[in-house]
Each structure stands twice: as C-alpha cells, then as structure tokens.
1. Restricting to the range 173-184, and then to whatever is in a helix (DSSP H, G or I) and not β-branched (V, I, T), can you tell me which residue is farthest from the chain's Cα centre (by Cα)?
2. Which condition does P233 not pass, out of (1) farther than 20 Å from G57 by Cβ; (2) modelled with pLDDT of 95 or more; (3) buried (at least 19 other Cβ atoms within 10 Å of the Cβ), if it passes all the others?
3. From the list D99, D81, which one is surrounded by 15 or more Cβ atoms within 10 Å (Cβ to Cβ), under 19 Å from D167 (Cβ atoms) and among the charged types (D, E, K, R)?
4. Give me the helices (runs of 4 or more DSSP H) completely within the range 1-118, filtered to those with at least 3 residues that are under 22 Å from V266 (Cβ atoms) and polar (S, T, N, Q), ordered by residue number.
5. Inspect the range 39-46 for any residue being among the aliphatic types (A, V, I, L, M) and either within 26 Å of H91 (Cα to Cα) or at pLDDT 95 or above (or both) and give the result as yes or no.
6. What number of residues within the range 82-105 satisfy the criterion of being among the acidic types (D, E) and either at pLDDT below 95 or farther than 10 Å from T149 by Cβ (or both)?
7. Could you tell me whether any residue of the range 6-17 is in contact (Cβ under 8 Å) with a residue 24 or more places away in the chain, β-branched (V, I, T) and either closer than 27 Å to D162 by Cβ or crowded, with 22+ Cβ neighbours inside 10 Å (or both)?
8. Among the residues of the range 190-207, write down those that are surrounded by 14 or more Cβ atoms within 10 Å (Cβ to Cβ) and either out of contact with any Ser or Thr (no Cβ under 9 Å at 6 or more places or on another chain) or without any contact (Cβ under 8 Å) to a residue 12 or more places away in the chain (or both).
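The values are calculated or read from the model by the stated rules, or taken from the named source; none is laboratory data. Owing to the predicted nature of the structure, the values given are computational and were not obtained by experimental measurement. All Cβ positions, glycine included, derive from the backbone under ideal geometry; neighbour counts span all protein chains shown.
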Amino acid sequence: MKVAVKVELSTCPRSCKCLLYEGDVYRKLAGCPGIAEVTWFGMHGCDYTMLVMQLLGPTLYSVWTQLGSRFTMKTMLMIVDQTLEIISHVHGRGFVHRDISPSNFMLGPGPTKDQLYLIDFGQSKKPVAKMFVQGSRNRFSFARPLVGTPRFASTFAHAGHDPSYRDDMESLGYLWIYLAAGRLPWQGIKDLTGPAKVERIAQLKMTTPLDQLCAGLPQVFATYMQYARSLRPYDMPDHAAARQMFRALADQLCPNDDDVFDWIGVDLDSDDAAASSSTENNPTSTRRSDDSDEHV
C-alpha cells in the first residue's frame with residue numbers, strides 16, 4: 001500500500017499541533033466507510049510528529065475543476081449519497097468534522113476512485129452533551145474563532161455556537177450546492193479581507209433565502225437545507241432519511257442510469273493528490289484551498 005506522510009514540527013505553536021490528536025481520531029474511526037487507513041502516528045525523535053496514512057487520489061475539488069467545474073446531476077446525487085453515508089459513521093462514532101469542503105473529500109486510490117474519502121480530522125471535536133445544552137440553547141460566543149473554510153461553514157459556527165452534528169449537515173448542503181450550481185452567493189467578495197470578509201460571508205448566509213440559494217436545483221436541496229438548519233444543538237441528524245430523500249430524487253431523475261461517476265474513465269491529473277494528503281496540518285507547507293476563500 002502506498003502511503004502519504006504528514007509531518008508537524010515540534011517547534012510549531014501549540015495551537016497548530018494536532019497530528020497526534022488527528023491520528024487518534026482516525027484510530028477511533030477505523031473501519032468506517034470513506035475513512036483512510038492510518039498505519040502509524042507518533043513522535044519521530046524530538047523534532048517531528050508524523051502520521052502515516054493510505055495515499056488517496058485527487059481531491060473532489062481538483063476533479064470538479066478538471067471536469068469544467070460542473071458535475072451531472074447523476075454524479076451529484078451519488079456524491080450526496082456517499083458523503084451522507086460517510087458523515088453518518090463519523091457522527092455515529094461521536095465526532096463533528098468541522099471542516100467540510102471539496103478539498104477534504106478525496107477519491108480512492110487506483111481502481112477505487114468510485115469511493116470518496118473524508119480527510120483532515122485535526123479540528124474535529126466531540127459535540128457538547130445534551131445535559132449541558134438544555135436550558136441554554138442559545139449558548140454561543142461571537143468571540144469564538146471560526147474553524148474551517150468560511151465558504152462552507154454553518155451559520156451556527158459563524159454565530160459562535162458550540163460544535164454539533166448540525167454543523168456538518170449544513171456544510172454538506174453548501175458543498176453540494178457549490179458543486180451542482182458552480183458557485184455560492186457569498187463568493188467573490190473583493191472589498192473586504194480577514195475577519196471583515198468572514199463576517200460578510202456570515203451575513204449573506206443568514207439573509208439569503210433558501211429558494212435563492214438553491215435556484216435551479218431540485219426542491220429537495222432546499223428542503224434538506226431547511227432540515228439541517230432546524231436541528232437543535234444536541235440532535236443526532238436522521239442521515240438515513242436524508243439519504244432516502246435524495247435517492248428518491250435519483251430514481252425520479254435518473255431511473256435508467258448506471259452508477260458511474262463522471263470522472264470514471266477520465267485521465268485525471270493527480271499531481272496534487274499527494275500534496276493534499278501530506279501537507280494537511282503542516283505549517284511549513286502551502287496548501288491549496290478551495291478557490292479563493294482562505295481557511296481560518
């Protein structure tokens with residue numbers, strides 16, 4: 001098995017050190033579909049922390065751009081189904097990913113590129129238990145820094161709420177709309193940078209009507225977004241019901257299609273695959289983010 005090696009300097013600020021934690025999360029998620037195999041993680045001498053994991057294919061973002069920044073609806077619905085299945089297992093093991101983006105989903109290696117994998121668990125967390133949330137549903141702090149990619153972060157994350165499963169569900173919706181429609185309404189902000197830009201993105205997310213957000217897409221996408229935003233902080237999402245809703249749409253729109261993704265049989269450029277896998281959480285490397293929205 002070919003592997004990717006993620007390296008973290010021991011001299012990095014403590015806030016950047018998360019490889020050991022990420023390795024432990026991968027260990028706890030072992031055996032779940034769409035989770036890469038980690039063969040070893042730990043300290044390498046006194047200078048480095050290392051994580052050795054299965055080498056995957058290119059990122060979903062890379063594949064999307066190589067195919068003209070558009071997927072067919074058949075492929076979109078297959079992506080929806082797989083990503084929901086993966087996140088259901090992550091949630092089932094008690095973790096919120098917190099950085100859902102097309103750069104954090106990757107194709108499987110070689111002949112398994114019809115399987116998606118979710119990577120980058122360095123910022124994942126256990127959600128706050130119900131006993132601590134009841135009676136304080138509006139528990140949040142605008143001072144809490146946003147984690148992940150602003151373009152796909154949930155409205156709850158922008159508002160500073162404690163991490164919960166609903167964050168990943170809402171972020172998945174933004175991911176699908178982005179891949180299906182080609183862009184999101186809060187892209188292209190040029191007059192602001194840094195925290196001011198993130199705040200503007202949050203404002204646009206909270207004020208854009210769902211029918212406008214999902215314009216040109218089947219109504220199921222808006223229905224899903226409404227459901228994701230209606231979840232309470234301690235709710236376990238009904239992943240199975242969401243999958244069934246989109247599978248019904250697939251049966252309606254693509255009844256006679258095969259289960260072949262748009263990229264199967266296409267000669268994809270995978271030069272960025274190793275870099276995507278091996279430079280996550282490595283402050284000495286430069287990571288390509290999704291288009292122009294920086295990670296925070």
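1. Result: A181.
2. With (1) farther than 20 Å from G57 by Cβ; (2) modelled with pLDDT of 95 or more; (3) buried (at least 19 other Cβ atoms within 10 Å of the Cβ) applied to P233, the lone miss is (2).
3. None of the other options fit; the residue is D99.
4. In the range 1-118, 60-66, 73-92 are the helices (runs of 4 or more DSSP H) which contain 3 or more residues that are under 22 Å from V266 (Cβ atoms) and polar (S, T, N, Q).
5. Within the range 39-46, not a single residue is among the aliphatic types (A, V, I, L, M) and either within 26 Å of H91 (Cα to Cα) or at pLDDT 95 or above (or both).
6. Residues that pass the stated criteria total 1.
7. no
8. Hits for the range 190-207 are K197, V198, E199, R200, I201, L204.
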